[in-house]
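The values are calculated or read from the model by the stated rules, or taken from the named source; none is laboratory data. Computed from a predicted structure; not experimentally measured. Cβ: placed from backbone, ideal geometry, glycine included. Neighbour counts: every protein chain shown.
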Amino acid sequence: MTTPEPFRCGAIALIGRPNVGKSTLMNALLGQKLSITSRKPQTTRHCLRGILTTETAQFILVDTPGFQTRHRSTLNRVMNRSVRGALEAVDVAVLVVEAKRFGAEDRVLLKQVPAGVPLFLVVNKIDTTDPAGLLPFLKKAAGEAQFEEIVPVSARSGKGLDELRRVLARYLPEQPAIHPGDELTDRNERFLAAELIREKLFRLLGEELPYSTGVEIEKFEEQRGMRRIHAAIVVEKEGHKAIIIGSGGSKMKQIATAARKDMETLFGGKVYLEVWVKVRGGWTNDEAALKQMGYG
């Protein structure tokens, strides 16, 4: 009679420079959308835990902001601090890079990983590159650090994800599950609602504007399965307010409708969403304002 495998449970930090697909990877591993995503780099601003429980393991995946080495705003410094903080409390660190791209920014991140934490290299977006060039890249990347495992994946197509889950499980501590088996995240719905609105700002506005916007949930009530959510989009300049509202309120309506639909899917119930815009000059460089908005 074979002895059953011991149950394993642990925290895994997904780290990487902006836009390598960490949030898409987390959603793919969970099999459900939790982290917000967009084509723009630095969409993720908060560390977000996603929980995947199987018969033999509980993976506590920590999606982190893209580590920023170029832009030095207070907001960027706060986000970098949160990445370092996340790495201090995990069992495994996963550096996510794009296929055939490994540079100075990735090496800076390697230095943030505490000694003794098992380190994985996940090479994402393998579906976007020539397979012939992948093997030489993997061999070269292996020399960058003492990686326990190197796993090529495509978070978008799902290729390599079963193998990634399998090898990750081997490095988790033998211990019971920390979270209930049906829990998806330890964040509350208020936080997730703000994130879904922020995602729409990144997806539906121009290139630069989303970086100076934030979202505050001013009221969140649930009665008989209906959630009533009142949210403020915070901008730095009066001119930004007009852009977000749009002609006759058209852009604001588009943002709110898209966010409400995603909330109803995630929360499993009807949502009444009211959104407006307020100006708070210089908030991305104000430590107190950032703290008030849930950063740091």
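Checking the structure you have, find out if any residue of the range 188-198 is part of a helix (DSSP H, G or I), under 21 Å from the mean Cα position of the chain (by Cα), surrounded by fewer than 18 Cβ atoms within 10 Å (Cβ to Cβ) and among the hydrophobic types (A, V, I, L, M, F, W, C).
yes
Residue-by-condition table, conditions (1) over 18 Å from the mean Cα position of the chain (by Cα); (2) in the same structural domain as LEU52 (by TED's automatic domain parsing):
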site: THR129; (1), (2): yes, yes
site: LEU134; (1), (2): yes, yes
site: PHE137; (1), (2): yes, yes
site: GLU149; (1), (2): yes, yes
site: VAL153; (1), (2): no, yes
site: GLY158; (1), (2): no, yes
site: ARG166; (1), (2): yes, yes
site: PRO176; (1), (2): yes, no
site: GLY181; (1), (2): yes, no
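For the range 29-64, which positions are under 12 Å from the mean Cα position of the chain (by Cα), of a type in the set (Gly, Ala, Ser) and not in a loop (DSSP other than H, G, I, E, B)?
Once the filter is applied, which keeps residues that are under 12 Å from the mean Cα position of the chain (by Cα), of a type in the set (Gly, Ala, Ser) and not in a loop (DSSP other than H, G, I, E, B), the range 29-64 yields only GLY50.
Give the number of residues within the range 35-56 that are at pLDDT 95 or above, more than 17 Å from ALA86 (Cα to Cα) and of a type in the set (A, V, I, L, M, F, W, C).
1
Restricting to the range 223-242, and then to whatever is in contact with a helix residue (DSSP H, G or I) (Cβ under 8 Å, 6 or more places away or on another chain) and more than 16 Å from ARG280 (Cβ to Cβ), can you tell me which residue is surrounded by the most Cβ atoms within 10 Å (Cβ to Cβ)?
Here the answer is ILE229.
Assuming VAL20 fulfils every condition listed in (1) out of contact with any strand residue (DSSP E or B) (no Cβ under 8 Å at 6 or more places or on another chain); (2) surrounded by 22 or more Cβ atoms within 10 Å (Cβ to Cβ) apart from one, which condition is it?
Every condition holds for VAL20 apart from (1).
Within the range 35-62, can you find the residues that are within 17 Å of THR265 (Cβ to Cβ) and either touching a Cys at 6+ places or on another chain (Cβ under 9 Å) or surrounded by fewer than 22 Cβ atoms within 10 Å (Cβ to Cβ) (or both)?
Within the range 35-62, THR37 is the sole residue that qualifies.
Please go through the range 23-63 and pick out each residue that is of a type in the set (Ser, Thr, Tyr), out of contact with any strand residue (DSSP E or B) (no Cβ under 8 Å at 6 or more places or on another chain) and closer than 23 Å to GLU216 by Cβ.
Passing the criteria: THR37, SER38, THR43.
For the subset of the range 162-182 comprising residues that are modelled with pLDDT of 95 or more and acidic (Asp, Glu), which member is nearest to HIS230 (Cα to Cα)?
Here the residue is ASP162.
Could you pull out the residue among VAL108, VAL122 that is closer than 23 Å to GLY85 by Cβ and in a helix (DSSP H, G or I)?
Unique residue meeting the criteria: VAL108.
Across the range 88-105, what is the total count of residues that are assigned to a loop (DSSP other than H, G, I, E, B) and surrounded by 15 or more Cβ atoms within 10 Å (Cβ to Cβ)?
So the count comes out to 6.
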